[in-house]
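To keep things clear, I will list the structure first and then write my remarks on it.
The values are calculated or read from the model by the stated rules, or taken from the named source; none is laboratory data. Here the structure is a predicted model, which means the values were calculated and not measured. Because the Cβ atoms are built from the backbone with ideal geometry, glycine has one as well, and the counts that use them run over all protein chains shown.
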Amino acid sequence: MAASLLSRNAAMAITATITAGGGMSALLNSHDSGWNSRWSTSTSRTTSCEASSRQQQEQGATATGADGKAGTAAKTNVKFSDNPFLMQPRETVLRKRMTSIGRFSLKSESAENLSIPTFFMALSGEKKEPTPSSALMSNTRNIFTVSDFESLWMERGMPSRHPRFHSTVSQHDDRYFEETHHVHPGEEDEDEPSLRIKAELDRHVSETMHFTVYRDDLRNRIEHMLTSPIEVSDKLWEVKISSGTLGSSGAISQVKTDMILEKMKANAASLKQSPIEEPSKQHAPVVRRRATLGRIWNDVAREAQQSPKESVLLFRSHHALADGASTIAALSDLCDEAEEIRANIEMELKRWKRGGKSKKSAIRRILARLIRYLKLCLWFTFGSVGAFAYQGYLQLTTLRNPFDAVKEYATKQGVLECGRSISWCDAAPLEEAKMITQIIGKAKGVNITVNDLFVSCVTAAIVRQLIEHEEFMAPMAPHNRKLIPNHVNVVVPVHLRGGVVLPEESVGNKIGAFVSRCPGEMRHDAVGGGTSACPTERLVRVSKSLSLSKKSPAALLSHYTAKFCSDYLPETWTQSLFKRANANACVAVSNNRGYHKKLHLNGMAVQSVGGFLPLPPGIPVGVVVQSYAGTMSLSLTAEKWAVPDADKFLRWVLDEYQRLREEVVQLEKIKRHVE
């Protein structure tokens, strides 16, 4: 009897030790060397009494690596239950150092200028395979639901492929991310325990009512997402899903909606067959009833199910998680074409690596490599000097932002509007935009890109916006200062990896930026004989200015300067430098290259994608130029006092594009006439 009691007490003691974190911690620590060197756990062997007394406290310890620096940490959280069979799995919180650019976004943002990129994806069509939960409802075949998103997220292995999506910023030290993992013991006694990320998607994904007022409801929600803060210690991203009638939200343009409806009608007409009808009664519609399986109104439900629908996925994430281009690229892993995209990236990498290989001898290859490295060092050294000198020149020659006078006047009159002006549109076919750049570039002897084309159109719209402000302010209050300058500065963000996430990498912040001077007011054409600005001359000057900055290491320098500010400077200094680094730029223009064909989420086609730039401090206008499935699209984010009517601003951008298109037509006519 005593032996039995002793063995029972020993078993209870062992159980209490393991439950409190002792036994499993020993297993974890014994195999810690096999984990990523940037991760570690730190737990201690405690009794059940000690564990229960610490249950209300935060447990964590800083792990010291081999180099002696405090790098990562973990804390253990044990949940108890009176019933041992209902005991929840043991959890461990791992801590990982945040990237310098991610922390820079936390330090440099302000209450008025949050660093939260936002974008939407609009889907239509029918799902390929219904999820287990949506299969129970017959009316979800042509809409995308929360359960569909969660199922795709887990099936595609997103927690292991991009674990940062399940991280939060540490409440105690904002230099670190924290991830909660379930600790799963090995099947056998000798097996080491494994960690699995605790994917709590219910905190990130939610369903909301669909939009009722065309474009306005979606516009208001985007504005709210851009201007409302995210509690980064709770989550770093969120997505809101809604479904309704096709084209009701405005996320899919009316032109695309009409094309989708015409395609659906054509498919229905091709599939329509009436083998049981008599020739004399072909004019009478016949309603066939399929097996109803006990549901009397199954045909009516099927008709409702087949009516065209759309689903809008509205994302937002904090810049501490990743930059906007990396986030969109990472979310492409949810698509049905994910394997194809990764295969294309790997093929391009292999092609790039093979490009440097040749059949030269080993000595010649070594010499060629040394020469290439020498050229790179010279380019970075002298290019850095030139980039800093050019930045200083822009700072000295642009002492004031042209929109500052507009803000001061609105503040003085008491009509300063807060919030964001939001708009988006499909601009042009990608092939047409490329044709315009090629024809004008060949005629002027300049290498013009599609991004140069739309930056030129945006600067023309900036000038027209300033002209409108000047005309409004002139009769209201006399002012001696001219609003419209001869030059405007433009900030161009640059993704250092070309907007892609490599197959073995996770999301991150790999961005830089440069400032370039572009023409402002132009009251003469190229030969000086006209009275209005020549769009071709503006485009050529914009292209030359951007080309100088693209060829310099300015984007790399801005990236490493931001890292330095994040690691070594106080938060107030970082915010001040970040605001002054834009050289009083009027606008930021970001270029995002999407996939060349339509992507699909579980069979549903992604009809359109629109990204919205979070405004950096001091810059009142932000434009995203994006290509997807052969279509160029534009999206605008601006201060309401700077751009009161966002739709009108984008119309000005498209007007300038149309003028360039007309000039290309004239150039082609002249070319054919000469030939």
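Residues are listed down the side, and each one gets a yes or a no for (1) part of a helix (DSSP H, G or I); (2) of a type outside the set (S, T, Y); (3) modelled with pLDDT under 95:
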{"position": "P617", "(1), (2), (3)": "no, yes, yes"}
{"position": "T637", "(1), (2), (3)": "no, no, no"}
{"position": "R651", "(1), (2), (3)": "yes, yes, no"}
{"position": "Y657", "(1), (2), (3)": "yes, no, no"}
{"position": "V665", "(1), (2), (3)": "yes, yes, yes"}
{"position": "E668", "(1), (2), (3)": "yes, yes, yes"}
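Condition test on I467, is it over 24 Å from F120 (Cα atoms) and in contact (Cβ under 8 Å) with a residue 60 or more places away in the chain?
Considered against the rule, which asks whether it is over 24 Å from F120 (Cα atoms) and in contact (Cβ under 8 Å) with a residue 60 or more places away in the chain, I467 comes out as no.
Taking the residues in the stretch 442-456 that are in a helix (DSSP H, G or I) and not aliphatic (A, V, I, L, M) as candidates, determine which candidate is surrounded by the fewest Cβ atoms within 10 Å (Cβ to Cβ).
K442
To keep it simple, each residue is scored yes or no on (1) within 19 Å of the chain's Cα centre (by Cα); (2) in contact (Cβ under 8 Å) with a residue 24 or more places away in the chain; (3) closer than 13 Å to F514 by Cα.
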{"site": "C565", "(1), (2), (3)": "no, yes, no"}
{"site": "W573", "(1), (2), (3)": "no, no, no"}
{"site": "A588", "(1), (2), (3)": "yes, yes, yes"}
{"site": "K597", "(1), (2), (3)": "yes, yes, no"}
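When the residues of the stretch 592-650 are filtered to those that are among the charged types (D, E, K, R) and under 23 Å from L246 (Cα atoms), which remaining residue is surrounded by the fewest Cβ atoms within 10 Å (Cβ to Cβ)?
K597
Would you mind telling me which numbered condition in (1) hydrophobic (A, V, I, L, M, F, W, C); (2) touching a Leu at 6+ places or on another chain (Cβ under 6 Å); (3) farther than 15 Å from P620 by Cα I467 fails?
Of (1) hydrophobic (A, V, I, L, M, F, W, C); (2) touching a Leu at 6+ places or on another chain (Cβ under 6 Å); (3) farther than 15 Å from P620 by Cα, only one is false for I467: (2).
What is the residue count in the stretch 624-662 for residues that are without any contact (Cβ under 8 Å) to a residue 60 or more places away in the chain and of a type in the set (S, T, Y)?
Result for the stretch 624-662: 1.
So D216 ticks every box in (1) out of contact with any Phe, Trp or Tyr (no Cβ under 8 Å at 6 or more places or on another chain); (2) buried (at least 18 other Cβ atoms within 10 Å of the Cβ) but one. Which box is left unticked?
(2)
This table checks each residue for (1) surrounded by fewer than 14 Cβ atoms within 10 Å (Cβ to Cβ); (2) at pLDDT 90 or above; (3) of a type in the set (D, E).
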residue: P185; (1), (2), (3): no, no, no
residue: E188; (1), (2), (3): yes, no, yes
residue: E192; (1), (2), (3): yes, no, yes
residue: M209; (1), (2), (3): yes, yes, no
residue: M225; (1), (2), (3): no, yes, no
residue: I230; (1), (2), (3): no, yes, no
residue: W237; (1), (2), (3): no, yes, no
residue: G244; (1), (2), (3): no, yes, no
residue: A251; (1), (2), (3): no, yes, no
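Would you mind stating whether H181 is of a type outside the set (G, A, S) and in a strand (DSSP E or B)?
Yes: the conditions hold for H181.
Got at least one residue in the stretch 362-372 being touching a residue at least 24 places away in the same chain (Cβ under 8 Å) and over 25 Å from I511 (Cβ atoms)?
Checked against the condition, which is being touching a residue at least 24 places away in the same chain (Cβ under 8 Å) and over 25 Å from I511 (Cβ atoms), the stretch 362-372 yields no hits at all.
Okay, residues lined up against (1) more than 24 Å from H469 (Cβ to Cβ); (2) among the aliphatic types (A, V, I, L, M); (3) in a strand (DSSP E or B):
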residue: A583; (1), (2), (3): no, yes, no
residue: Q607; (1), (2), (3): yes, no, yes
residue: P644; (1), (2), (3): no, no, no
residue: K648; (1), (2), (3): no, no, no
residue: L660; (1), (2), (3): yes, yes, no
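Would the stretch 559-576 turn up any residue that is in contact with a strand residue (DSSP E or B) (Cβ under 6 Å, 6 or more places away or on another chain) and buried (at least 22 other Cβ atoms within 10 Å of the Cβ)?
No, there is no match, as no residue in the stretch 559-576 is in contact with a strand residue (DSSP E or B) (Cβ under 6 Å, 6 or more places away or on another chain) and buried (at least 22 other Cβ atoms within 10 Å of the Cβ).
The rows are residues; the columns are (1) modelled with pLDDT under 85; (2) loosely packed, with under 10 Cβ neighbours inside 10 Å.
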{"position": "L271", "(1), (2)": "yes, yes"}
{"position": "V286", "(1), (2)": "yes, yes"}
{"position": "A301", "(1), (2)": "yes, no"}
{"position": "Q306", "(1), (2)": "yes, no"}
{"position": "A320", "(1), (2)": "no, no"}
{"position": "D323", "(1), (2)": "no, no"}
{"position": "C335", "(1), (2)": "no, no"}
{"position": "S358", "(1), (2)": "yes, no"}
{"position": "L367", "(1), (2)": "no, no"}
